[in-house]
Amino acid sequence: MRTATLETSAGVGAPPGLFAGTDFMPSAIEHIVDAYVRLKNRRGLDELMMHRQRLAVDLKSRSGYDFSLPIGQIDEEIAIIEAGLSRLKAENSTAI
C-alpha cells in the first residue's frame, strides 16, 4: 500500500498545519494569545512568554542532539506572544 506524502514547511511527510508557519491553520499558541488579548489578560501573556523563554534557554544549553527545530518553534511562539503583547498595549493606549 502506497501513501502520498506532503511536503510542507514542516518537512516531507508532515501533515499540513501541524507547525506554526504553515498557511493551513492557525497554531494553538495563536489561538491562546488571541484569547488572552481579547480578555486583556496581560499576566497570562507574560507567563506564556516567561515559560517559552525558559524552554529556549534550557534547549540552547543542551548538547548531544540537534535541538534546532524545537528551538525554532519556540522562537516562532515567542514572536507570536510578543505580537500579542504589542496588540494588547496598543488597545490599552487607545482606550485611555
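Derivation of every value follows stated rules applied to the coordinates shown; laboratory data play no part. Computed from a predicted structure; not experimentally measured. Note: ideal-geometry Cβ built from the backbone for every residue, glycine included; neighbour counts use all protein chains shown.
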- Query: How far, in nm, would the chain grow between Arg62 and Leu39 when pulled straight, counting 0.36 nm per residue and subtracting the alpha carbon separation?
  - Reply: 4.7 nm
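May I ask for the net charge around Ser93, where only other residues with Cβ less than 14 Å from the Cβ of Ser93 are counted and Lys, Arg are +1 while Asp, Glu are -1? Numbers along the way, then the final one.
Numbers: positive: Lys40, Arg42, Arg87, Lys89; negative: Glu91.
Computed value for this residue: +3.
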